[in-house]
1. Taking region 347-373 on its own, how many of its residues are out of contact with any strand residue (DSSP E or B) (no Cβ under 9 Å at 6 or more places or on another chain) and of a type outside the set (S, T, N, Q)?
2. Suppose the filter is modelled with pLDDT under 95 and at positive phi; does Gly329 pass it?
3. Looking at (1) assigned by TED's automatic domain parsing to the domain that holds Gln382; (2) under 30 Å from Gln248 (Cα atoms); (3) modelled with pLDDT of 95 or more, which is the only condition Met185 fails?
4. Strands (runs of 3 or more DSSP E) wholly in region 320-415 with at least 1 residues that are over 17 Å from Cys53 (Cβ atoms), assigned by TED's automatic domain parsing to the domain that holds Val22 and of a type outside the set (Ser, Thr, Tyr) - which ones?
5. Go through region 224-244 and count every residue that is in contact (Cβ under 8 Å) with a residue 24 or more places away in the chain and in a loop (DSSP other than H, G, I, E, B).
6. Do we have any residue at all in region 393-413 that's surrounded by 24 or more Cβ atoms within 10 Å (Cβ to Cβ) and touching a residue at least 40 places away in the same chain (Cβ under 8 Å)?
7. Tell me whether region 254-276 contains one or more residues that are at pLDDT 95 or above, aromatic (Phe, Trp, Tyr) and either outside the structural domain of Asp369 (by TED's automatic domain parsing) or assigned to a helix (DSSP H, G or I) (or both).
8. Would you check which residues across region 127-149 are loosely packed, with under 14 Cβ neighbours inside 10 Å and within 24 Å of the chain's Cα centre (by Cα) and list them?
Amino acid sequence: MKEIKTDVLVIGAGAAGIAAAVSASEHNLRVVVVEKCSIAGGNATIAEVGTICGLYHNSFSGTEFLVRGFAREFAEKLQSLSQTVSVKGKDGLHYLPYKIQAFSLLGMEYLQRGNITCFFNHEIREVNTQQNTILSLGVMKDNEVTQIVPATVIDCSGNSIVARLSNLPVITEREYQSAAQVFTMRGINEDREDRLSLQILKAIVAYGDEELVDGHLPKLYLVPGSLSQGRASFKIALPFTIKEGADQDQHLAESARNWVKVFADFLVVKLASFKNASVDHIAVSPGFRVAARTKGKYILTGNDVRNCRRFEDAIARCSWPIEEWNETGRVHMEYLPEYGYYEIPPDCLIAETAHNLFMAGRIISADRDAIASARVMGICLQTGYAAGILASGKILATPIQDTIQEIRRLQMDYI
């Protein structure tokens, strides 16, 4: 069995994992990234989310960045590569559309630094611990196991795989938010997104649920900023309950593809602008919004979010609303005040019991309501970058207050 030693092991190459690897590499440490898929980006690429939320202040005026440092740098480079502009919704929320290939290319560009080694198409199969320390992890590809021995681990997996495999405390729910399936159609004869969205809404209302399927009809949304040269992406809010501990992935993926066919056929038959349209492709995976989170030294709460709570040692900030998608495919939003935001302390990124485990992205230590806001990619970039610095400080024996000050200086404009 091959054995690899590293200073920092990052699990997952999504937005949080990319940011974590970059910040750790900037401290001249050896970094290994393990990703179960073949490309970088996580949900941003394999689920084709299509927009980055949580980058900006919520306001009814111009677009203004809320995030700083690496998160803003990444967003600006992605915007340039995608040749897109930020979008302001009627609710005062701002978000950044992006091209899927641009996200993947940019992620790979960051991960190709000399002291970062990536293992794509590898899955974590075992975690070995002793006295609250993670000693090694077994990763597998094509039935070949590699043992990785890290000084520190940053879990950006989106499902707390490290905590689960090592029986560490996790924050779970009986049921999680519903997933979404994105698909893209070509040959659309319409050049304005507002008109296209209105046409689809009117068609569904006019013909009613029974014209499509028996029973409940999921919601269908146009992905903002995706309409270009006759192609556009659509998101289906899947009407399924995601249950803790259930093996649902295959059933969900099959059902999602069936819904894509139902909606694509409906649009082609009912709308003149889709007369010559067809499915271009379907995103590789449904987009899972929330899963179990690793319990940290502090659990961010829904009241922290609602009250726009600030922390003296904060390492990230967020203005995104509490956004809950249920099994009916509908969303409930709790908005923060205009220009209001809350902060995230470092203890949400530090595991409660394993002293060399950190977490970032959708699995920071947060309760159900808080993670419904903090899960978006703009925040994943911030927490990922912060986790990389926290892990580096652990290895370099930097006093924790100095490490926190470094994070605040780099991404919060605080001295």
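1. Residues of region 347-373 that are out of contact with any strand residue (DSSP E or B) (no Cβ under 9 Å at 6 or more places or on another chain), as a first pass: 353.
Keeping just the survivors that are of a type outside the set (S, T, N, Q) gives none.
The qualifying residues number 0.
2. On the way: modelled with pLDDT under 95: yes; at positive phi: yes.
Criteria met by Gly329.
3. Among (1) assigned by TED's automatic domain parsing to the domain that holds Gln382; (2) under 30 Å from Gln248 (Cα atoms); (3) modelled with pLDDT of 95 or more, Met185 violates only (1).
4. On the way: elements: 322-325, 331-334, 342-344, 357-359.
Once the strands (runs of 3 or more DSSP E) in region 320-415 are filtered for at least 1 residues that are over 17 Å from Cys53 (Cβ atoms), assigned by TED's automatic domain parsing to the domain that holds Val22 and of a type outside the set (Ser, Thr, Tyr), what remains is 342-344, 357-359.
5. 10
6. Narrowing region 393-413 to residues surrounded by 24 or more Cβ atoms within 10 Å (Cβ to Cβ): 407, 411.
Keeping just the survivors that are touching a residue at least 40 places away in the same chain (Cβ under 8 Å) gives 407, 411.
The answer is yes; a qualifying residue exists.
7. yes
8. Correct list: empty.
The values are calculated or read from the model by the stated rules, or taken from the named source; none is laboratory data. None of these values were measured; they are calculated from a predicted model. Cβ: placed from backbone, ideal geometry, glycine included. Neighbour counts: every protein chain shown.
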